[in-house]
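Input: a single structure, listed below in structure tokens.
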Amino acid sequence: MEKSVFKKIYEIFKKEKGEIFLVGGSVRDMLMNKELTDFDFATSLPPQKTRETLNKNKIKNFPVGIAFGTVGAIIDGKEVHITTYRKKETYRPRNRKPAVEFGETLKEDLKRRDFTINTLAISPDGKIIDMYNGAKDLSEKLILTPSNPDESFEDDPLRILRAFRFQSQLGFKIENTTYKAIEKNAFRLMYISEERIQAEMTKLLLGDFVVKALAEMMNAKVLNFFIPELYPLKNLHQESEQHHKDVWLHTLKVVENTPKDATLRWATLLHDIGKPYVKAEEKDQIHFYRHEELGAKMAYSILSRLKFPKELKEDISFLISKHMRANLYTPEWTDSAVRRFIKEMGARLDKVLILSRCDITSYRKEKVREKIKMLDELSERINSLNSIKGLKYPLSGNDIMEYFNLPPGRLIGKIKEFVMNEVIEGRLPQETKKEIYFEAASTFLRSITKKSKN
Ligand code: CTP
């Protein structure tokens, strides 16, 4: 399939005397025998000419960012991007769009790219063009800039994060000179738009080598410029049987344990950020009272800063606020306690349980086994009470207003919650005639009106 895409595109551009090469991540992925997901081409033709050429050949195309030289096209059902050679690409502070200077040659286009492993190109006759040692660095698993790293990071400071993102995805090492330039230029991340940081960080968190990347980012003080709240976790001592001794090392371990899901990985990264502020020592024991509550609030504000959508902010901070709940489980919990737990966690129940499981990082094997056993037991009991998960209010607000002839108000909500709670506690059946619920509601209503008269 890919061959037919290349062939078609190369032939079309040849007719117009335009140079065209497959470039960047596509070539890197191809040489790493990965499945191609992106098709990025670089051409000598200016953007308008690219569009005319595609139109002439009846190929569906659309502007992706004409000002930056990129045209999108659909070839054999695949979306490809074709970008005019660039000489320079600089990001103005806090701007999502770069200022672009078009170039004349492939060589200058490749030179202004982020890392040597992304400077490889493939010519129409299938030859690999390697002007900046990309193939060697790829085989040696090295991340370094093809030009002066200080200039490169000044042109686009997001590249600092991209270096760690590639490290997290590919497990490569950041070469020393590039690493030093990262430390020196890390402050420039303050000039990057939050949306770009968010997108890059999410990719980074989903990498196979995420722990290595996060550990180096902490050491290079890169995290300080967009999540400074993580910094006090380093060397924060937590002498406990259940935990690693240092909250940052524990956090890394928990991230590593977490499945590759963006909501979960963000939640684990931030789950203990409240700890530094509520540390208390009692009888040689260290406590972090209600750190989950504070952490959830802090996470919400971090995620707001990084411009996360509301739903994700709520999901992640909910998970953080509940990350201690399941690990408090003991076999003494009654069925109604388990039912209340299910109801409180709602649609996020599964993720709360996963986070709790990942949070167990004790060095003591028997402690880990014991904790896992408790969580397994809780999950089993949850499954046996499964029908409670999708439980809807047995009486709606309208039902209550009509039946008791009451106006809207707080009392309606109270009655609604009362009936629901009776079902959760198992004192009323889950599915039955409404009369039974109304009867219970009447008794409740009588009891509270009596109380208010006294
Ligand atoms: N690029 C760059 N500097 C940036 C962003 C991108 O030099 N700040 C160049 C790199 O050559 C990169 C190419 O543009 O390979 C495409 O960018 P992008 O799609 O973001 O990265 P990929 O390397 O393709 O990786 P992925 O598809 O995994 O994001």
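Could you figure out which of (1) surrounded by 16 or more Cβ atoms within 10 Å (Cβ to Cβ); (2) out of contact with any strand residue (DSSP E or B) (no Cβ under 8 Å at 6 or more places or on another chain); (3) more than 16 Å from T178 (Cβ to Cβ); (4) free of Cβ contacts under 8 Å to residues at least 60 places away in the same chain isn't true of I75?
The single condition I75 does not satisfy is (4).
Listed residues F318, F341; which is among the aromatic types (F, W, Y), at pLDDT below 95 and either assigned to a helix (DSSP H, G or I) or surrounded by fewer than 19 Cβ atoms within 10 Å (Cβ to Cβ) (or both)? Break it down into steps so the answer makes sense when it comes.
On the way: F318 fails: at pLDDT below 95.
The conditions single out F341.
Could you say which residue among F21, F68 is surrounded by 14 or more Cβ atoms within 10 Å (Cβ to Cβ), under 21 Å from L120 (Cα atoms) and at pLDDT below 90? Break it down into steps so the answer makes sense when it comes.
Details: F21 fails: at pLDDT below 90.
Going through F21, F68 in turn, the sole match is F68.
Counting only residues that are assigned to a helix (DSSP H, G or I) and either in contact with an Asp or Glu (Cβ under 6 Å, 6 or more places away or on another chain) or within 18 Å of P146 (Cα to Cα) (or both), how many does the range 3-28 have?
Looking only at the range 3-28, we keep the residues that are assigned to a helix (DSSP H, G or I), and these are 3-15, 25-28.
Then drop every residue that is not either in contact with an Asp or Glu (Cβ under 6 Å, 6 or more places away or on another chain) or within 18 Å of P146 (Cα to Cα) (or both), which leaves 4-5, 25-28.
Number of matching residues: 6.
Just give me the residues in the range 29-46 being within 11 Å of the ligand (Cβ to nearest atom) and either over 23 Å from V100 (Cα atoms) or assigned to a loop (DSSP other than H, G, I, E, B) (or both), in sequence order.
D29, K34, L36, T37, D38, F39
So W266 fits all but one of (1) over 17 Å from S317 (Cβ atoms); (2) surrounded by 16 or more Cβ atoms within 10 Å (Cβ to Cβ); (3) in the same structural domain as R290 (by TED's automatic domain parsing); what number is the exception?
Looking at each condition in turn, W266 falls short on (1).
Would you mind stating whether K373 is under 30 Å from T268 (Cα atoms), part of a helix (DSSP H, G or I), touching a residue at least 40 places away in the same chain (Cβ under 8 Å) and of a type in the set (D, E, K, R)?
Working: under 30 Å from T268 (Cα atoms): yes; part of a helix (DSSP H, G or I): yes; touching a residue at least 40 places away in the same chain (Cβ under 8 Å): no; of a type in the set (D, E, K, R): yes.
So K373 does not fit the description; no.
With respect to the numbered conditions (1) among the charged types (D, E, K, R); (2) outside the structural domain of R339 (by TED's automatic domain parsing); (3) within 37 Å of the chain's Cα centre (by Cα), which one is the sole condition not fulfilled by E422?
Of (1) among the charged types (D, E, K, R); (2) outside the structural domain of R339 (by TED's automatic domain parsing); (3) within 37 Å of the chain's Cα centre (by Cα), only one is false for E422: (3).
For the condition surrounded by 11 or more Cβ atoms within 10 Å (Cβ to Cβ) and assigned to a helix (DSSP H, G or I), what is the one hit in I436, I360?
Details: I360 fails: assigned to a helix (DSSP H, G or I).
Within the list I436, I360, the selection yields I436.
Given (1) farther than 11 Å from V222 by Cα; (2) crowded, with 21+ Cβ neighbours inside 10 Å; (3) more than 10 Å from the ligand (Cβ to nearest atom); (4) not assigned by TED's automatic domain parsing to the domain that holds N33, identify the lone condition not met by I182.
Result: I182 fails condition (1) only.
Go through the range 83-159 and tell me which helices (runs of 4 or more DSSP H), entirely inside it, have 2 or more residues that are away from the ligand (no atom under 13 Å from the Cβ) and either assigned by TED's automatic domain parsing to the domain that holds A42 or buried (at least 23 other Cβ atoms within 10 Å of the Cβ) (or both).
Details: elements: 106-111, 134-139, 149-155.
Answer list for the range 83-159: 134-139.
Can you list the helices (runs of 4 or more DSSP H) found entirely within the range 204-295 that contain at least 3 residues being more than 23 Å from M324 (Cβ to Cβ), touching a residue at least 40 places away in the same chain (Cβ under 8 Å) and under 21 Å from the mean Cα position of the chain (by Cα)?
In the range 204-295, 210-219 are the helices (runs of 4 or more DSSP H) which contain 3 or more residues that are more than 23 Å from M324 (Cβ to Cβ), touching a residue at least 40 places away in the same chain (Cβ under 8 Å) and under 21 Å from the mean Cα position of the chain (by Cα).
Out of all the residues in the range 359-371, is one or more at pLDDT below 90 and among the acidic types (D, E)?
Taking the range 359-371 and keeping what is at pLDDT below 90, we get 361-368.
Remaining after also requiring among the acidic types (D, E): 366.
Within the range 359-371, one or more residues are at pLDDT below 90 and among the acidic types (D, E).
Can you tell me which residue among R188, R165 is within 15 Å of K221 (Cα to Cα), of a type in the set (D, E, K, R) and within 13 Å of the ligand (Cβ to nearest atom)? Full working, then the answer.
Values: R165 fails: within 15 Å of K221 (Cα to Cα).
Matching residue, one of R188, R165: R188.
Which one of these is of a type in the set (A, V, I, L, M, F, W, C) and out of contact with any Ser or Thr (no Cβ under 9 Å at 6 or more places or on another chain): A347, A326, A262? Let's see the steps before the verdict.
Details: A326 fails: out of contact with any Ser or Thr (no Cβ under 9 Å at 6 or more places or on another chain); A262 fails: out of contact with any Ser or Thr (no Cβ under 9 Å at 6 or more places or on another chain).
Answer to the check: A347.
Note down all Cβ pairs under 7 Å where the first residue falls in the range 4-33 and is assigned by TED's automatic domain parsing to the domain that holds I129 and on the phi > 0 side of the Ramachandran plot, the second is of a type outside the set (F, W, Y) and part of a strand (DSSP E or B), and they're at least six residues apart or on different chains.
Short answer, once both residue conditions are applied: G24/D40.
Considering the range 150-174 alone, what residues qualify as being among the aromatic types (F, W, Y) and out of contact with any Ser or Thr (no Cβ under 9 Å at 6 or more places or on another chain)?
We begin by selecting, within the range 150-174, every residue among the aromatic types (F, W, Y); these are 153, 164, 166, 172.
Scanning the range 150-174 gives F164, F166, F172.
The values are calculated or read from the model by the stated rules, or taken from the named source; none is laboratory data. All of these numbers come straight from a predicted model, not from anything done at the bench. Don't worry about glycine lacking a Cβ; one is built from the backbone with ideal geometry, like all the others, and counts go over all protein chains shown.
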